[in-house]
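The values are calculated or read from the model by the stated rules, or taken from the named source; none is laboratory data. Not measured: the values here are computed from a predicted model. Here the Cβ positions follow ideal geometry from the backbone for every residue, glycine too, while neighbour counts run over all protein chains shown. Heavy atoms of the whole protein, side chains included, go into the accessibility calculation; ligands, DNA and RNA do not. Shrake-Rupley method; radii C 1.70, N 1.55, O 1.52, S 1.80 Å.
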Amino acid sequence: MNRRSDNVTKGPERAPNRSLFYAMGYTKEELERPLIGVVSAHSEIVPGHIHLDKIAEAVKAGIRSAGGTPVEFPAIGVCDGIAMGHIGMKYSLASRELIADSVETMTMAHQLDGLVLVPNCDKIVPGMIMAAVRMDIPAVVCSGGPMLAGKWGGEEVSLSKMFEAVGANKAGMMTDCELEACEQSVCPGCGSCAGMYTANSMNCLAEAIGIALPGNGTIPAVSGRRVILAKHAGAAIMDMVQKGITARQIINQKSLQNAIACDMALGCSSNSVLHLLAIANEAGSPIELKTFNEISAKVPNLCHLAPAGHTHIQDLDAAGGIPAVQAELLKGGYIDGS
């Protein structure tokens, strides 16, 4: 079986290439296995990404256990929350294209056989998926998972509570001390912000569209199940490489329409429209804006997650996650079960 990585590992002409792998400590045996890129957006500036080093390690363990050689490289990521309210806002959407281009550059330059994409937040998820479908190679998304909800005033809250708190403080309805206590309570730890904002929307839709394993959108970042999912993602990419299953075989007109139906049922961020259109375009299966309206007119809104309601992603996970939503949509004939 010929592999893309043969272009950098096989034959006497590639002896110089192999010598550079040996310089990094790769063994001859490792170079005889499929080379799988693990694209980690780990950084110390995004709460959704602060723990992605551990997710990437679990992915690599899964790849090795299934007979592959993981090759980790980084991707940038902007925290939309920290970038909000100043000139940083102008850089967020543009970063999506930088991410897509950089993933493509690294993958093509080094002739990797497949990718496990490890993103979590707003523009990073679609940026990585755009690269995967642009190149049409085997790829699996394994996100870092949602943040648990915080506690404030006897109720579960997420980041949107902070924006309400700023308004309450300015209106004299909340003291400065209360504002400080609130800001230290709403985001209790790592993960993408706990409501159905853009990050969790895209992680759920990656699952609905089929390029991520069940649980990708809803298993909490701090759960051991998230690490297990990452190991399974590493094993899954090896199966895809062996069978020749590529990103465009997964993301097509039917799966895009399924994702839009789930989008409406979940009440996802309106930014999902921007990202699904871009992903569809890169996949060579363009969809029109009117398709969202047509599907929205038929599909019921099943979930009222923060900021539209008082429940959070951890509650959706406890209720069965995206498979449970899809099961309901299938009953009504709103999605293609194939």
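The angle between the Cα long axis of helix 224-243 and the main principal axis of the chain comes to about 40°, on a 0 to 90 degree scale. In segment 234-292, the portion of solvent-accessible area held by carbon and sulfur atoms comes to 50 percent [1.4 Å probe, whole percent, DNA, RNA and ligands not counted]. Measure nothing fancy, just the Cα-based angle from helix 52-65's long axis to the longest principal axis of the chain, in degrees from 0 to 90, nearest 10. The angle comes out at about 40 degrees. Given a 1.4 angstrom probe, I'd like the percentage of the accessible area of segment 65-209 that is carbon and sulfur, rounded to a whole number. Exposed carbon and sulfur together represent 60 percent of the surface. Cross-link reach is defined here as a Cα-Cα straight distance under 23 Å, omitting same-chain residues fewer than 8 places apart; for Lys170 the lysines meeting it are Lys151, Lys161. Using bins of 5 Å that start at zero, the share of Cα-Cα pairs per bin across segment 190-275 amounts to 3, 14, 22, 23, 18, 14, 5, 0, in whole %.
From the helices alone, meaning DSSP H stretches of at least four residues, give me the mean residue ellipticity at 222 nm for the chain, per-run term -39500 (n - 2.57), in deg cm²/dmol to the nearest 500.
-15500 deg cm²/dmol
If packing is taken as the average number of other Cβ atoms within 10 Å across a peptide's residues, how do 300-306, 54-60, 135-141 rank, most packed first? All intermediate terms of the calculation are to be shown ahead of the outcome.
On the way: 300-306: 16.6, 54-60: 22.9, 135-141: 24.7.
By packing density, highest mean first, the sequence is 135-141, 54-60, 300-306.
The residue list Ile245, Cys303, Ser223 was ranked by how far each Cα lies along the charge dipole of segment 209-313 toward its positive end, using unit charges on Cβ atoms, and Ser223 comes out on top. Structure note, pairs Lys60/Lys231; Lys123/Lys231; Lys90/Lys123; Lys298/Lys331; Lys54/Lys123: Cα-Cα distances above 19 angstrom occur for Lys123/Lys231; Lys54/Lys123. Against the criterion of solvent-accessible heavy-atom surface with a 1.4 angstrom probe, Ser269, Ser65, Ser338, Ser102 sort, most first, into Ser338, Ser65, Ser102, Ser269. Shown is the FRET efficiency for Leu179 and Ala318, computed with R0 = 35 Å from the Cβ-Cβ distance and rounded to the nearest 0.05: 0.70. Using only Cα atoms, tell me the angle between helix 198-209 and the longest principal axis of the chain; keep it within 0 to 90° and round to the nearest 10. The angle comes out near 50 degrees. Shown is the FRET efficiency for Arg14 and Ala109, computed with R0 = 25 Å from the Cβ-Cβ distance and rounded to the nearest 0.05: 0.95.
Taking the convex hull of the alpha carbon atoms in segment 286-338, what volume per residue do you get, in Å³?
Working: hull volume 6.0 nm³, N = 53.
Convex hull of Cα atoms, per residue: 113 Å³.
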